[in-house]
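What follows is calculated from the coordinates using simple rules that are stated; it is not laboratory data. Since we're looking at a predicted model, the values are computed, not measured. Note that each Cβ is placed from the backbone with ideal geometry, even for glycine, and that neighbours are counted across all protein chains shown.
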Amino acid sequence: MTVRIMLVDDQELLRTGFRMVLQSQPDIEIVAEAGDGAQALEVLAAVEVDVVLMDVRMPRLDGVEATRRICDPATELASQPKVLILTTFDLDEYAFSALKAGASGFLLKDVPPVELVAAIRAVSSGEAVVAPTTTRRMIDRFTAVLPAAAEPKLTPELERLTDREREVLLLVAQGLSNGEIAERLGLSEATVKTHVGRILTKLDLRDRVQAVVLAYETGLVRASR
């Protein structure tokens, strides 16, 4: 199945570079481009797209707000694309906000081509693309922009989690992969995957990205340190 891609970046040179990399893949097709979030929404109203590669800092409408609108079911679009954020990391403090807004993951703009292609395929299939090592760096970077929580807010959803599920959620929020969690807890990777699936279902979360955001917003991670 061909993955239909839209490139959204105000720098044409970067779009050209990504286009050259992606057009060489037999299962990826560039179907649209835009120079900012406002133009992206206009195009998405008429063009069916599977994955949007979204820059963060752009004129008129930035990537955070564009992502929020794209992921909002109330927005009338030709399709329901996933959003993959592209960030320079050191500059884009808003990337975390974009994840909260509904993005399925993030990559650094200097990502190797093979990782970019793999990430697009993963997001298209419904997975979240947040490399564990990058997650830990991003969490350290962006914790400061989240509201300080004096103590964890045990919502009814969190209270429905078992002790083991809360333990797994904590490790997910710290950026560990399923394999790393399995090794840490002495479980099989399949068992960890099952726990993660149950956590997402109980908390009504789309993916691991939203789980990380929730864990920090509720103070769960801070409280466990």
Near the amide H of Ile30, under 5 Å away, which other amide H atoms are found, from residues 5 or more places off or on another chain, if H is placed in the peptide plane? Ile5
Karplus (6.51, -1.76, 1.60) ³J(HN,Hα), θ = phi - 60°, over region 44-57, in Hz, Gly and Pro reported as x: 5, 5, 10, 10, 7, 10, 9, 9, 9, 8, 10, 6, 9, 8
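For region 1-92, what relative contact order do you get, as a whole percent, if you take Cα pairs closer than 8 Å and at least 6 residues apart?
On the way: 171 pairs, mean separation 27.4, N = 92.
So the answer I get is 30 percent.
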Phi to ³J(HN,Hα) by Karplus 6.51 cos²θ - 1.76 cosθ + 1.60 over region 18-29, Hz, x for Gly, Pro: 5, 4, 4, 5, 6, 5, 7, 8, x, 10, 10, 10
Let me check I've understood the local charge: for His195, count other residues with C-beta under 13 angstrom from its C-beta, Lys and Arg +1, Asp and Glu -1. What total comes out? +3
Efficiency of FRET between Arg184 and Ala78 - r from beta-carbon atoms, R0 45 angstrom, step 0.05: 0.55
What does the charge count near Val47 come to, summing +1 for each Lys or Arg and -1 for each Asp or Glu among other residues with Cβ under 12 Å from its Cβ? -4
Using the Kirkwood radius over Cα pairs of region 1-103, the Stokes-Einstein translational diffusion coefficient at 10 °C and 1.306 mPa s, in µm²/s and rounded to a whole number, is 118 µm²/s
Spelling it out for Leu86: with amide H atoms placed in the peptide plane at 1.01 Å from N, the residues 5 or more places away or on another chain with amide H under 5 Å from its amide H are Met54, Asp55, Val56, Leu107
List, in order, the whole-Hz ³J(HN,Hα) value for each residue of region 174-188 obtained from phi through the Karplus relation with A = 6.51, B = -1.76, C = 1.60 and θ = phi - 60°; use x for Gly and Pro. 7, x, 7, 7, 4, x, 5, 5, 4, 5, 5, 9, x, 10, 7
